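Okay, so here's the structure we're looking at.
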Amino acid sequence: MSVVTSGRYTFPSYNLVFFIFLQLGLHSVEGVWPLPQSITSSPERYPLNPQAFYFTYGSQSAAQEGCSVLDEAFKRYFSLIFPDYSSGYGFLRFSVDKPFTVQVSVGRDDCDSYPDEDSSEQYTLSVSAGQASLKAETVWGALRGLETFSQLVYQEDFGSYYVNKTEIKDFPRFQFRGILLDTSRHYLPVQAILKTLDAMAFSKFNVFHWHIVDDPSFPYQSRTFPDLSAKGAFHPMTHIYTQSDVGRVISFARMRGIRVLPEFDSPGHTQSWGKGQSDLLTPCYSGSSPSGTFGPVNPILPSTYKFMATLFKEVSSVFPDSYIHLGGDEVNFSCWKSNPDVRAFMLKMGFGADFTKLEAYYMENIVNITVALNRTSIVWQDVFDYHERHTSLSVVEVWREGCYLCEVRRVVKAGLRVILASPWYLDQPGPTHNWARYYTVWPLAFKGTEEQKKLVIGGEVCMWGEYVDATNLTPRLWPRASAAAERLWSDEKQTSDVDKAFPRLQDFRCELLRRGIQAEPLFVGHCKHEYQGV
Amino acid sequence: YTYTYIFYNLVFFIFLQLGLHSVEGVWPLPQSITSSPERYPLNPQAFYFTYGSQSAAQEGCSVLDEAFKRYFSLIFPDYSSGRFYSEVKFLKCKNEVRFKVLLNLNVVVVHTGLETFSQLVYQEDFGSYYVNKTEIKDFPRFQFRGILLDTSRHYLPVQAILKTLDAMAFSKFNVFHWHIVDDPSFPYQSRTFPDLSAKGAFHPMTHIYTQSDVGRVISFARMRGIRVLPEFDSPGHTQSWGKGQSDLLTPCYSGSSPSGTFGPVNPILPSTYKFMATLFKEVSSVFPDSYIHLGGDEVNFSCWKSNPDVRAFMLKMGFGADFTKLEAYYMENIVNITVALNRTSIVWQDVFDYHERIPKDTVLHIWKGLPASYAAELSAITKAGYRVLLAAPWYINHISYGQDWRNYYTVQPLNFSGTEEQKKLVIGGEVCMWGEYVDATNLTPRLWPRASAAAERLWSDEKQTSDVDKAFPRLQDFRCELLRRGIQAEPLFVGHCKHEYQGV
């Protein structure tokens, strides 16, 4: 369906509408989103009684009671599965019903660690009479399996819960499945971030890319440089992220198996930095005198690199993830060009009039800082495009429109890893039916060797903040981001048909509503539990 | 682009605007406003709304008594619980003078005046409230300033409707056009024909509007000076009606036998008109408004054409093969039903485009096309002497990247060729929020503050409000005020509000 701008409203296509009704009436036993790699289910089903339902640790499991990640997850998923019984959860209930036990076993006791780039997320889930057995290598895999189990349970009209006999073997297609939030163009209250992390776990996203600062504001409250937020945030008290806020986000994300990847974008996109750190930005000149305005970070001063080294040292101590995003995109050279000191430096360094060389020089210094901190750097594709020597680079994020797979191919040919973001710019609104646009993306459809394709480590949904804040974030993100989630998690061959995906995504969107996520509709229709939170 | 380049000048301009309080920060802009830097502190514990001694309405007037309470809470959100009328009244507030003047006018005027007053009050960083010395004379440019919600394509919980009514009052909208039923579902629970919703709603219990729900909406709207205009669209857009009322829709034929599917309302059966007369009689008793919207748009003739009985009727009536004549015949009957009920009909422009005979007091609702074509339609309809309502430029369910509120703002409803008399026939405009992709999850951020741009076009003087760039910081301020009042209004561009939306 397309929106007919000349029509009073689009004609509903009745066949489609009736198809939806049908789907909502029946419970699809393959209603897991994103689709597992392998799933077999039978019509045989088992009633679940919330008062005789337990999560337990398998006796062979490396993690046992006291494992914070799983203990918390058991509570969370109990409430998600049985929303009406959430307060009654307890291990000491008596019941005449035969109990149903979900037995969770993990191979490693990584309860106190953080998920990282190598964490296994594979799991197997076997649902049979009276019990479900969930096995995973890591607690992160167990979390994915719990999410899947929670989506297998369904409630009939008169309130009874059921789960069908099911066998699932599952693992993600891509290791890196991210969502970018931009907290600089608009400040997002911590609650909005936590809510997003919750919803991310429902779609098995595993990286929260926190584009925390940019031109308009610097909300990160630095321990070392408190003036950055005191002077650079929209408001020094109400529009900042304190150390405790950041810690809360990281810990909330960890509990859901989500990494927090911080981005401190430079040398461009740094106007707000200049307010709290003098001499950091390049003074622009108008003719022979400073114009009073400032450009990108000043790449010619040793003080710049000293500042950056100190800042990134703090960042690497605050954010446990092994990746740091360094930005490096959209550097405007006009201010550098106008500045006589910068020009003199260019001459001295033998850069001629090629300012991309100056940018390369800057980025190399910054990358070296992160290398010294034992962190892997991610940069936007601009850094790859402009620079001759790629040796210091490791991960490149492709964001430009056009033939993005051409760019992916160039990057992997250079032996670097790639994260693909171009097709998933979700801040661009559109009627929700264009969710299919985010679904019909084929990230590996370029000519290359198997080895090269392995260098595509994943993809990312970007929600830039020019027109987005806490008021419209959730409906603009969900369920469209879930379309990308299936592309990044599931097998491409099994999920190439948009029409087959549509009723499943409808069901999943209704499930998001039931879980309190303000996910917008895909088309005409209804959910059993409509959004009530107005 | 990872993101659009920021225009620094613009951003700094916004910061500046948010820092200072604009004394002309009333949205939509009053017809005449004079304010001075002289300002008066307001103390919530010594602030009162009272009736002027000359006022025709006095204590006990429900609309104003309730509005006083509501606006007290809106002006002083931190004090809303501490307000009692029994408090000893120590101090006199200068505003009483103003209200005495206003209260000599009618209640609705006072109501919109209260909204204006509430927007004049501002709070400084340390919590004190102020209002500047101000003189305002205000009235709306257009009498009809509506918002359409579509509760058929998606069901909107009553709370979502009430929240919208609240926000409408903040932008001085005065008509809630309730497109209550359509093809996908029939959520209106009829007293006379309960099967319509029992069988035609998405769900017969949870996805319906009971009589008490409808009454609640009407009364909530009345308290805010908002009319509720019901639309029961026919003969097209009625698929859901057929589920609970047999023989109402036209059976479509495939060759010489019925195909099992149904088309528009069947215009050839006397039972149809009997049903419609009974239904509209109920509607006119439930909805007090003097207008009823009869729809009449987008009738697809293919089913009528396929049906041999319909074709025979066409011959008998001398319509030939012109199905627009059949539609005209149907609409004429329906309009006559509402005339008999002493109601004014509104119909979509299709009815004018296809039909020659419609009663002169019918209002035509323009929804099609780009400025050039709706201007021509405005010209044609008003030339024929009909009143007209403009919706075409305000299809706000359509979204695009960037600041599309500017398009809603720069509409010039009277920019068509016609006499002064013709222009007076344009009674107003309407923002339409069709429901294909909209339900309670995204209704509010999609509606606000973009609908507010249309609100100013419909309320304010066009000459004083023709500059979009001048409107921008004012609309930014107003959007922040909406957030402060708990309306989930989306941002216009990069920036911040003192009170961000917290309701996640």
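The values are calculated or read from the model by the stated rules, or taken from the named source; none is laboratory data. Bear in mind that the values here come from a model prediction, so they are computed numbers and not experimental data. Don't worry about glycine lacking a Cβ; one is built from the backbone with ideal geometry, like all the others, and counts go over all protein chains shown. In case anyone asks, the SASA skips ligands and DNA or RNA and just uses the protein heavy atoms, side chains included. Shrake-Rupley method; radii C 1.70, N 1.55, O 1.52, S 1.80 Å.
Rounded to the nearest 500, the 222 nm mean residue ellipticity of chain A from helices alone is -10500 deg cm²/dmol, with -39,500 (n - 2.57) taken per DSSP H run of at least 4 residues. Sites listed here are GluC sites (Glu not before Pro) in segment A:345-412 whose DSSP assignment is loop and whose Cβ has at most 14 other Cβ atoms within 10 Å: A:GLU388, A:GLU401. Taking accessible area as the heavy-atom solvent-accessible surface of the protein chains with a 1.4 Å probe, which residues of segment B:393-439 lose no less than 50 Å² upon going from the isolated chain to the full protein assembly? For segment B:393-439, once contacts with the other chains are taken into account, B:HIS398, B:ILE399, B:TYR401, B:GLU436, B:TYR437 lose 50 Å² or more. Taking chymotrypsin sites (Phe, Trp or Tyr not before Pro) as exposed when DSSP calls them loop and at most 14 other C-beta atoms lie within 10 angstrom, chain A has its longest site-free stretch at A:159-534. In a DSSP loop and with at most 11 other Cβ atoms within 10 Å, the trypsin sites (Lys or Arg not before Pro) in segment B:359-410 are B:LYS360. Listed values for segment B:52-59 are Karplus-derived 3J(HN,Hα) couplings in whole Hz (6.51 cos²θ - 1.76 cosθ + 1.60, θ = phi - 60°), namely x, 5, 8, 5, 5, 8, 9, 3, and x replaces Gly and Pro. Counting only alpha carbon atoms, the long axis of helix A:340-349 and the longest principal axis of chain A meet at about 90°.
Between the listed residues A:GLN155, A:LEU134, A:SER119, the Cα displaced farthest toward the positive end of the dipole of segment A:118-167, a dipole computed from Cβ unit charges relative to the Cα centre, is found at A:LEU134.
Could you tell me the calculated FRET efficiency between A:THR391 and A:ASN332, based on Cβ-Cβ distance and R0 = 22 angstrom, to the nearest 0.05?
My answer for the efficiency is 0.25.
With 30 Å² as the minimum drop in accessible area between chain alone and full protein complex (1.4 Å probe), the qualifying residues in segment A:499-527 are A:GLN518, A:GLU520, A:PRO521, A:PHE523, A:VAL524, A:GLY525, A:HIS526.
Taking a ≥ b ≥ c as the square roots of the Cα gyration tensor eigenvalues, the protein assembly as shown comes out oblate, since a/c reaches at least 1.5 and a/b does not exceed b/c.
Taking one quarter of the surface of the C-alpha convex hull of chain B gives a mean projected area of 27.2 nm².
So how strong a dipole does segment A:401-534 carry about its Cα centre when Lys and Arg Cβ are +1 and Asp and Glu Cβ are -1, to the nearest 20 debye? Can you show the working numbers first?
On the way: 18 positive and 17 negative charges, 72 e Å.
Computed charge dipole of segment A:401-534: roughly 340 debye.
A 1.4 Å probe run over chain B, with the rest of the protein chains in place, finds 39 Å² accessible per residue.
Peptide A:182-189 is shielded by partner chain Cβ atoms: per residue, an average of 4 of them sit within 10 Å of its Cβ.
With point charges of +1 on the Cβ of Lys and Arg and -1 on the Cβ of Asp and Glu, referenced to the Cα centre of the protein assembly as shown, which listed residue (B:LEU443, A:ALA445, B:SER190) lies farthest in the positive direction of the dipole? It is B:SER190.
Exposed loop sites were defined as GluC sites (Glu not before Pro) in DSSP loop states (anything but H, G, I, E or B) carrying at most 11 other C-beta atoms within 10 Å; in chain B the longest segment without such a site runs B:125-355. What whole number of Å gives the distance from the Cα centroid of segment A:475-533 to the Cα centroid of segment B:346-389? So the separation of the two Cα centres works out to 41 Å. Under a 5 Å amide H cut-off, with hydrogens placed 1.01 Å from N, B:CYS252 pairs with B:SER259, B:GLY260, B:THR261, B:PHE262, B:GLY263 among residues at least 5 apart or on other chains. Placing +1 on each Lys and Arg Cβ and -1 on each Asp and Glu Cβ, with no other charges, gives segment A:126-172 a dipole about its Cα centre of roughly 180 debye.
Looking only at chain B, where both bridge partners belong to it, what percent of the DSSP beta bridges are antiparallel (to the nearest 5)? DSSP beta bridges in chain B are roughly 30 percent antiparallel.
Annotation: amide H of A:ASN339 within the under-5 Å range of A:TYR285, sequence separation 5 or more or interchain, hydrogens built in the peptide plane.
Among the trypsin sites (Lys or Arg not before Pro) in segment B:167-201, those located in a DSSP loop and surrounded by at most 12 other Cβ atoms within 10 Å of their own Cβ are B:ARG191. Taking 7 Å steps out from each Cα toward its Cβ at B:LYS133 and B:ASP195 produces label points 7.1 nm apart. A dipole drawn for chain B from +1 and -1 charges on Cβ atoms has a positive end, and of B:ALA455, B:SER271, B:ASN43 the residue lying farthest that way is B:ASN43.
Here chain A exposes an accessible surface that is 52 percent carbon and sulfur, computed with a 1.4 Å probe and the other protein chains kept in place.
What does the structure give for A:460-470 when I average, per residue, the other chain Cβ atoms found within 10 Å of the residue Cβ?
5
By DSSP, the beta bridges lying fully in the protein assembly as shown are antiparallel in about 35 percent of cases.
For the pair B:SER62 and B:SER257, label points projected 7 Å from Cα toward Cβ lie 5.8 nm apart. Can you give me the distance in nm between label points at B:VAL286 and A:SER42, each placed 7 Å from the Cα along the Cα-to-Cβ direction? Inter-label distance under the simple model: 5.0 nm.
Simple point charges give the picture: +1 on the Cβ of Lys and Arg, -1 on the Cβ of Asp and Glu, and for the protein assembly as shown a dipole about the Cα centre of about 1120 debye. If a paramagnetic tag sat 7 Å from the Cα of B:TYR354 along the Cα-Cβ line, which residues of segment B:237-280 would have the backbone N under 19 Å from that point? Residues B:237-242, B:248-253, B:262-270, B:272-273, B:276 fall inside that zone.
Buried accessible area for the A:B pair, summed, 1.4 Å probe, in Å² rounded to 100?
Looking at A and B, the buried total is near 5800 Å².
Taking the C-alpha atoms only, the angle from helix A:139-152 to the longest principal axis of chain A is near 50 degrees. Axis angle, to the nearest 10 degrees, between helix B:158-170 and the longest C-alpha principal axis of chain B: 50 degrees.
For the pair A:ALA436 and B:LYS274, a Förster radius of 41 Å applied to the C-beta separation gives a FRET efficiency near 0.35, rounded to the nearest 0.05.
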